[in-house]
1. If the only charges are +1 at each Lys and Arg Cβ and -1 at each Asp and Glu Cβ, what is the size of the charge dipole of the range 118-195 around the Cα centre, to the nearest 20 debye?
2. Apply the a/c threshold of 1.5 to the C-alpha gyration tensor of the range 89-207 and tell me whether it is rounded, prolate or oblate.
3. Between His289 and Asp119, what is the label-point separation in nm under the 7 Å Cα-to-beta-carbon projection?
4. Residue separation times 0.36 nm, minus the C-alpha to C-alpha distance between Asn90 and Ile279: what's the value?
5. Please work out how many pairs of lysine residues in the chain are eight or more positions apart (or on different chains) and have Cα atoms closer than 26 angstrom.
6. Label Asn259 and Ile233 with points 7 Å out from Cα along Cα→Cβ: what is the distance between them in nm?
7. Helix-derived [θ] at 222 nm for the chain: sum -39500 (n - 2.57) over DSSP H runs of at least 4, divide by residue count, nearest 500?
8. In percent, how large is the relative contact order of the chain, given Cα pairs closer than 8 Å and 6 or more residues apart?
Amino acid sequence: MIPSQHWAPRSATISSMKLGELASRLGAELRGNAELEITGVKGIEEAGPTEITFVANPKYGGLARKTQAAAVLVEPEFPEITAATLRIKNPYHAFSLALGYFYQPPVYAPGIHPTAVIDPTAEIDEGAHIGAYVVIGPGVKLGPHATLLPHVVLYPDVQAGSNLFAHAHSVVREGCILGDYVTLENGAIVGADGFGFSKNELGHWTKIPQSGPVRLGDRVDVQANACVDRATIGATEIGDGTKIDNLVQVGHGSRVGQNTLLCAQTGLAGSSIVGNNVILAGQTGVAGHCTVGDGVILTAQSAVSHDVPPGKVLSGSPGFDNRVWLRATAIFQRLPDLLKRLDRVEKAVSATKEGQ
C-alpha cells in the first residue's frame, strides 16, 4: 500500500468557464453570447447574471422569462426568452453535468490511515484510500480504487469490485458481495440480519439464522441510514444501477431489478420481488412475497399487498389505479357538501310523501 502519510483528501473545482465552451462540452445548441463568463449553477429563481439554470418542466416556463440567470438549459423547441439558452434534449441531465464542472467532491489520495485496523488476510488494491478507524475483517477483497472513509466496517469475507466509495459509518456485513462503482452513504447498512423469528414451544420468539448474503450490482447507491437485510437462505439481490434513498428498508430475501428507484422511507417486506425501471416513491410499502412488475410506479405513501402487473401506476393504500385514485380523492374532498345536499333531498322527498 501507499504510505499512510498520503491519506488526506483534496478537491478540484472550476472557477469559471465561457458559455460557448460550456455549450460545447454539453453538446447543446447555444443561442446567445458565447463570451459570457459562467461561474456556477443554481436554481431558476436564485441564479444570477454569471450563473446558468435549467427548465425541465413546462410549468416553470414562466420563471425562465423572468430569470436573472446568464443562460437557461432548455429543450430544443422551448420559446425564445431574454436570457441566452442552451438547447438540448435532456436539460435536467445536462444541468447535472454542468454542476459537475463547477463542483466536485473531495478526492481522497491512496493510503492507509495509521488508526485503521486491517486483518492480514484482507486483499486490498494499492490504489485504495483507507480512512481513520476503518475496520476490515479477514478474507475481505477490495477491488481497485476503493475509498473507505472514517469508521467504515467491513465484516469478514466481504467482496467489492472497483471504485467502492463507502462514507463514514457505513457497514457491510459478512460475506456480502458488492459490484463495481457502489456508493454507500453515511450510516448505510448492507447485510444486517433479516427480521426472522420463530415461536418455540414456550411461546418465546427465537431468532432464525440469517445465512444468505446481500449482493449489490454495479453502480448501486445506498443512501444514508438505509438498510438492506441479508437473507434467511439464498440472497438479497439489488440489480445494476438501482438507487436506494435515505431510510429505506429492504427486507430479507428480496430481489430488486435494474435501474429501479426506492425513494425515502420506502419499505419492502421480506421476499419482495421488484422489477426493472420501477419507481417506488416516498413512504411506499410492498407486502412480503409480492411481485411488482417492470416499469411500475407507486406514488407517495401508497402500498400494495398483491402482485402488480408491469407498467401500472398505483396510488393509495391499498394501492389502486392512479387515475381512479385521483378522481376518488377529488370526490372525497366534496363529501361534506354532497352529504348536505343529500340530506336536503331526503328531507324534500320526505316532505312530499307526507303531503300526499
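Quick note: the coordinates plus some simple rules give every number you see, no bench work behind them. The shown structure was predicted, so the numbers you read here are calculated from the model rather than taken from an experiment. Cβ placement follows ideal geometry from the backbone for every residue including glycine, while neighbour counts extend to all protein chains displayed.
1. 120
2. Judged from the Cα gyration tensor, the range 89-207 comes out oblate (a/c at least 1.5, b/c at or above a/b).
3. Taking the two extended label points, one gets 3.6 nm.
4. Going from the current span to full extension adds 66.1 nm.
5. Eligible lysine pairs with Cα atoms under 26 Å apart amount to 15.
6. Once both label points are built, they end up 3.5 nm from each other.
7. That comes out to -5500 deg cm²/dmol.
8. 7
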